[in-house]
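Everything on this sheet refers to the single structure shown next.
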Amino acid sequence: MSPLVARRALFITGLLIVSLLTSSAWHFLRVSLRPDAIYTGLLLLLLVFGLTFFNARKKLPFLPLARASTWLQIHIYAGWFCVLIFLLHIHFRFPSGAMELTLAAIFCVVIVSGIFGLYISRSFPPRMALSGEALLYERIPALRCYIQENVENLIRKAESETQSSTLGDFYVERLQRFFANVPSAFRALRSADSGLQALLAELNAVSRYLNEQELEIAHEIRDWIETKQNLDFQYAAQRLLKLWLFVHIPFTYGLIVLGVMHGIVAGLYAGRF
């Protein structure tokens with residue numbers, strides 16, 4: 001068994017044991033008519049506070065607080081544990097009231113965005129490695145312009161040397177938009193080769209009408225098409241890996257603020273303060 005598998009098995013086993021003990025304690029509080037919602041609410045708030053420390057840990061890598069990968073595993077499994085505590089807190093019923101509905105909605109956004117972030121952070125890196133060398137996100141716009149300039153130079157070369165506009169017409173009709181296009185972040189959720197084969201098939205169809213010199217240029221353009229396709233995937237994937245945090249982190253802080261307010265209101269209503 002590899003160390004990674006062993007570590008995951010350890011975390012899963014620990015999560016199951018803690019979940020079973022917590023559920024048993026919650027059941028005991030219920031049957032003994034104790035205010036279980038107060039205990040589960042405090043536990044949930046403390047867990048969310050603790051989970052926010054993972055973001056602080058990433059910004060302070062010099063602190064001797066275990067490896068970032070270990071913190072990530074703790075963050076993931078503690079997040080799943082939060083789901084259980086949330087369900088226990090609401091007694092497995094649909095929330096009612098404006099405050100409860102708002103808190104539940106924000107909690108769901110945090111959980112779903114966390115699951116989404118976990119998925120893309122695990123699935124994107126291998127796909128990005130297959131699409132070519134790793135590129136700095138900030139350099140990609142300049143590389144996109146460089147590729148388009150090279151293709152346009154090839155088109156001008158074909159027109160001037162062969163006195164034929166076949167490749168030029170194909171560039172205007174199909175390739176100009178492709179090379180100028182800036183993909184959205186969600187483009188990374190599709191296959192890295194999405195649309196590529198159809199575009200190459202169109203280029204192959206045009207190639208039947210080209211002479212030998214134009215065919216050489218068409219082969220170079222084909223290489224640039226594949227390069228641009230890989231560049232687009234790298235750009236979209238890196239962009240999405242950044243953007244999901246702009247949902248996950250702000251909503252987490254909003255959950256903490258509203259959670260504290262909810263706790264104060266609930267405590268005053270129950271006469272605990």
Considering only protein heavy atoms, what per residue accessible area in square angstrom results for the range 187-234 with a 1.4 angstrom probe? 51 Å²
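Of the heavy-atom accessible surface of the range 1-44 (probe 1.4 angstrom), what whole percent is carbon and sulfur? Let's see the in-between values first.
Working: 2440 of 3160 Å².
Its accessible area is 77 percent carbon and sulfur atoms.
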Nearest-0.05 FRET efficiency for residue 7 and residue 145, computed from C-beta distance (R0 35 Å): 0.20
On each of the three principal axes of the Cα atoms of the chain, give max minus min coordinate, whole Å, ordered largest first. 91, 47, 33
For the pair residue 264 and residue 174, the simple spin-label estimate (label points 7 Å beyond Cα toward Cβ) gives in nm 6.4 nm
Starting from a Cα-only point model with no solvent, please compute log10 I(q)/I(0) by Debye for the range 135-233 at q = 0.17, 0.19, 0.23, 0.25 1/Å. -0.75, -0.91, -1.24, -1.41
Between residue 123 and residue 202, what FRET efficiency follows from the Cβ-Cβ distance if R0 is 41 Å, with the result rounded to 0.05? 0.85
Return the sequence-ordered ³J(HN,Hα) values of the range 252-269 in whole Hz as given by the Karplus equation 6.51 cos²θ - 1.76 cosθ + 1.60 applied to θ = phi - 60°, using x for Gly and Pro. 5, 5, x, 5, 5, 4, 5, x, 5, 4, 4, x, 5, 4, 5, x, 5, 5
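Can you compute the helix-only [θ] at 222 nm over the chain? Use -39500 (n - 2.57) per DSSP H run of at least 4 residues, normalise by all residues, nearest 500 deg cm²/dmol. All intermediate terms of the calculation are to be shown ahead of the outcome.
Numbers: 10 runs with 211 residues, N = 273.
Helix contribution divided over all residues of the chain: -27000 deg cm²/dmol.
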Consider a paramagnetic label point 7 Å from the Cα of residue 182 along Cα→Cβ; state which residues of the range 109-138 have an amide N under 14 Å from it. 138
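The values are calculated or read from the model by the stated rules, or taken from the named source; none is laboratory data. As the structure is a prediction and not an experimental result, all values here were calculated from the model. Reconstructed Cβ throughout: ideal geometry from the backbone, glycine too, with neighbour counts over all protein chains shown. Protein only, heavy atoms only, side chains kept; ligands, DNA and RNA dropped before computing areas. Shrake-Rupley method; radii C 1.70, N 1.55, O 1.52, S 1.80 Å.
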